[in-house]
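These notes are about the structure you will find just below.
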Amino acid sequence: MSIFDKIGNGVTEASNNLSMKAKEISEQSRLNGEIAKREARKKECFAIMGEMHYISVKEQTEPDYSALVSEIDTLSGEMEELKTDLRKLKGVFLCPNCNMEIPNSSLFCPNCGQQLKRNDICSNCGAPLESGAKFCVKCGTRVAE
Ligand SMILES: [Zn+2]
Ligand SMILES: [Zn+2]
């Protein structure tokens, strides 16, 4: 391979990475938009419930909230799924102790100090581990079973 080929490949690789990044960002904003839409609809549902409650008190009737309750539950479930996708995309996860979003490579939570038991990254240097690896390829630390 000539030096010019190498340079050419380097450039394509760099621009591939760039368009990957751009894709990730637009996917992130799409997910954020979907979450915001559901959040807004949830607020609407609560507002409708409030109005129904008002009417029921005023007219002394029994309101039926069941359709709204199930819609809110559906929206909440979908929002959780979207948030999980978003976290995967951003490379973060939730602290099991305080629920704060922290980067995948964290060994301790920056908010509550919880030590994070990870079997996918080295407990010493934070390098990603191959599944089934017994030692870290970066620093040689034994992987806890
Ligand atoms: Zn925490
Ligand atoms: Zn290591």
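The values are calculated or read from the model by the stated rules, or taken from the named source; none is laboratory data. The structure displayed is predicted, hence computed values, not measured ones. Every residue, glycine as well, gets a Cβ built from its backbone with ideal geometry; the counts of neighbours run over all protein chains shown.
Descriptive notes on the structure:
- Among the residues of the stretch 77-136, those identified as surrounded by 13 or more Cβ atoms within 10 Å (Cβ to Cβ), under 24 Å from Ile25 (Cβ atoms) and within 16 Å of ligand 1 (Cβ to nearest atom) are Arg87, Val92, Phe93, Leu94, Met100, Glu101, Ile102, Asn104, Ser105, Ser106.
- Tabulated pairs, the stretch 120-145, first of a type in the set (S, T, N, Q) and modelled with pLDDT of 80 or more, second away from ligand 1 (no atom under 16 Å from the Cβ) and outside any loop (DSSP other than H, G, I, E, B), C-beta under 8 angstrom, 6+ apart or interchain: Thr141/Phe135
A quick yes/no check of all residues on (1) within 23 Å of Glu44 (Cα to Cα); (2) within 16 Å of ligand 2 (Cβ to nearest atom); (3) free of Cβ contacts under 8 Å to residues at least 24 places away in the same chain; (4) in the same structural domain as Glu44 (by TED's automatic domain parsing):
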| residue | (1), (2), (3), (4) |
| --- | --- |
| Lys58 | yes, no, yes, yes |
| Glu62 | yes, no, yes, yes |
| Val69 | yes, no, yes, yes |
| Met79 | yes, no, no, yes |
| Pro96 | no, no, yes, no |
| Ser105 | no, yes, yes, no |
| Cys109 | no, no, yes, no |
| Gln114 | no, no, yes, no |
